[in-house]
Amino acid sequence: MKENIELINRRLDKNKDFRIYIDSIIKDSTLFLQSNFRHLEVHDYRYDVDEAVKELGLDSELIHQLVEDYVIQILKSSVQFVEHIDKLKIDRDNDAQLNYDSIRELAHKNLGVARNLRIEDAIIFLHEMMTKDDLEYLSKCAHALESCAIKLKPICAYETMKLMKLKDSL
């Protein structure tokens, strides 16, 4: 019993930075949701697997696996969104013409999956990312999308983020 408590405490200390990062993403995106999408009540949205099961005619186990795949895809895409937005900010600062095609294409790719799985909050953010040109707003949408993915499957998101961080350090 004492060994289990020590193991848990080591894990808590080891993963403290990640938990702080995830908590900050969720807090920031909740504020963003409340201030920009209050009329859509997106900040209160909860994904309903049963709705997807009923509408798609698939079993719940398969839907859960597809949602986990989606979470992984969104977390990887969020890195790409940030890279594209940062590049556009550099272009803007250099008075170069801004080309949003890379962001729009990535959002479109992810939008199809979100629509198929009936993930309403993601549909809203991805649609915004396909249509808006404000880089700060797009950055907030990318973080809100990441937060929504984390909320969908927190353990999957956590493990994915740990793997991504590990790969980056290699």
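Being within 14 Å of Q80 (Cα to Cα) and either buried (at least 16 other Cβ atoms within 10 Å of the Cβ) or at pLDDT below 95 (or both) is the filter here, so list the residues in the stretch 105-134 that pass it.
L106, A107, N110, L126, M129
Any residue in the stretch 138-158 that is modelled with pLDDT of 90 or more, on the phi < 0 side of the Ramachandran plot, surrounded by fewer than 19 Cβ atoms within 10 Å (Cβ to Cβ) and not aliphatic (A, V, I, L, M)?
Yes.
Would you confirm, using the coordinates I've provided, whether E51 is modelled with pLDDT under 80 and surrounded by fewer than 14 Cβ atoms within 10 Å (Cβ to Cβ)? Break it down stepwise before answering.
Working: modelled with pLDDT under 80: no; surrounded by fewer than 14 Cβ atoms within 10 Å (Cβ to Cβ): yes.
No, not satisfied.
Kindly evaluate T131 against the criterion of being of a type in the set (S, T, Y) and either closer than 30 Å to G57 by Cβ or touching a Cys at 6+ places or on another chain (Cβ under 8 Å) (or both).
no
I'd like to check something: does the stretch 62-75 contain any residue that is in contact (Cβ under 8 Å) with a residue 12 or more places away in the chain, farther than 21 Å from I150 by Cβ and aromatic (F, W, Y)?
No; the residues of the stretch 62-75 include none that is in contact (Cβ under 8 Å) with a residue 12 or more places away in the chain, farther than 21 Å from I150 by Cβ and aromatic (F, W, Y).
Would you check which residues across the stretch 22-35 are surrounded by 12 or more Cβ atoms within 10 Å (Cβ to Cβ) and free of Cβ contacts under 8 Å to residues at least 40 places away in the same chain and list them?
If the condition is that a residue be surrounded by 12 or more Cβ atoms within 10 Å (Cβ to Cβ) and free of Cβ contacts under 8 Å to residues at least 40 places away in the same chain, then S24, L31, Q34 are the ones that fit.
The values are calculated or read from the model by the stated rules, or taken from the named source; none is laboratory data. For clarity, every value in this text was computed on a predicted model and none was experimentally measured. Counting neighbours? That spans all protein chains shown, and the Cβs are built from the backbone with ideal geometry, glycine included.
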